[in-house]
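Written below as structure tokens is the structure these notes are about.
The values are calculated or read from the model by the stated rules, or taken from the named source; none is laboratory data. Everything numeric in this text was worked out from a predicted model, so none of it was measured. Neighbour counts run over all protein chains shown; Cβ positions are idealised from the backbone, glycine included. For accessibility, only protein heavy atoms count, side chains too; no ligands or nucleic acids. Shrake-Rupley method; radii C 1.70, N 1.55, O 1.52, S 1.80 Å.
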Amino acid sequence: MIVCPNCNHSNPDGAQTCEACYTPLPATATCPNCGATVQADASFCGQCGFNLKASRATEEIFAGNIGTDVSAEIPELATPEPLVEPQRLVISAQPSAETSSQSYLAETPTSQPESTPISTTVGASSGGSFNTQLQQQTIKLLHVQTNTNIELPQNLTVIHIGKPNDRIPPDIDVSGFPNAEIVSRIHADIRVEGDAYFVEDVGSSNGTYINRKPLQPGDRHRLRAGDRIALGKGDLVTFLFQIS
């Protein structure tokens with residue numbers, strides 16, 4: 001579906017103008033990761049969070065290398081000389097008095113220095129068992145319009161999103177982002193329950209949208225990596241929920 005940037009109406013894929021207000025719709029493309037329909041100039045996929053900008057850059061680099069001539073003649077590799085010459089056995093026909101005790105003379109190769117074994121130490125404890133370090137997950141919100149990462153506080157179970165006010169100061173202040181005027185001072189909360197994260201609208205004026213669908217006040221949505229959170233209408237203040 002293509003969401004109209006003017007009236008937020010959902011139009012079928014392939015539509016060029018909005019069915020409701022006849023506003024020209026942005027061009028669309030297909031996400032190479034999940035196949036969802038995205039705007040052609042979008043930086044990230046709204047469904048899975050895939051980095052579309054990096055994917056397009058890779059495709060341009062690949063396209064530029066297609067014309068490279070790979071039919072150039074490859075020179076033949078020279079046959080390397082043997083590292084050790086074969087030993088030649090010399091038999092003395094008439095041994096002299098000085099060499100009467102020797103019947104054969106053989107050339108011996110120059111002695112090579114013995115290789116010193118290299119000891120490799122793998123990070124292990126004194127008891128012989130390997131040390132295991134558990135990496136803690138980092139939860140972030142990526143502001144789509146400015147490509148800014150905001151790391152969620154790890155010591156809070158309720159994270160308030162909004163703008164400065166006298167009632168409930170926000171833990172995530174969005175007043176410095178473009179189009180912040182559409183965000184309420186007390187807009188939405190993210191609640192942490194164990195390893196699960198939930199978002200809910202707390203009575204904002206312009207609403208909260210999850211993956212371009214409105215989140216009704218009192219309802220909450222369990223967040224998963226790649227979920228798109230829009231504060232207010234028009235998808236103007238948008239965050240992607242990320243886990244790293």
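So the values come out like this:
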quantity: Descending Cα extents along the principal axes, the range 144-205, whole Å; calculated: 33, 28, 17
quantity: Largest-first principal axis extents of the Cα set of the range 183-244 (Å); calculated: 30, 20, 19
quantity: Arg222 paired with Asn155, simple spin-label distance in nm, labels 7 Å along Cα-to-beta-carbon; calculated: 2.9
quantity: Global geometry of the range 1-47, whether rounded, prolate or oblate, following the gyration tensor of its Cα atoms and the 1.5 cut on a/c; calculated: prolate
quantity: Cβ-derived FRET efficiency at R0 25 Å, Lys213 paired with Glu59, nearest 0.05; calculated: 0.25
quantity: FRET efficiency estimate (nearest 0.05) - Cβ-Cβ, Gln145 to Ile168, R0 30 angstrom; calculated: 0.75
quantity: Distance between modelled label sites at Ala20 and Ala42, nm, 7 Å Cα→Cβ extension; calculated: 1.8
quantity: Accessible heavy-atom area order of Thr138, Thr58, highest first, probe of 1.4 Å; calculated: Thr58, Thr138
quantity: Segment Asp13-Asn33, length gained on full extension (0.36 nm per residue, minus Cα span); calculated: 5.4 nm
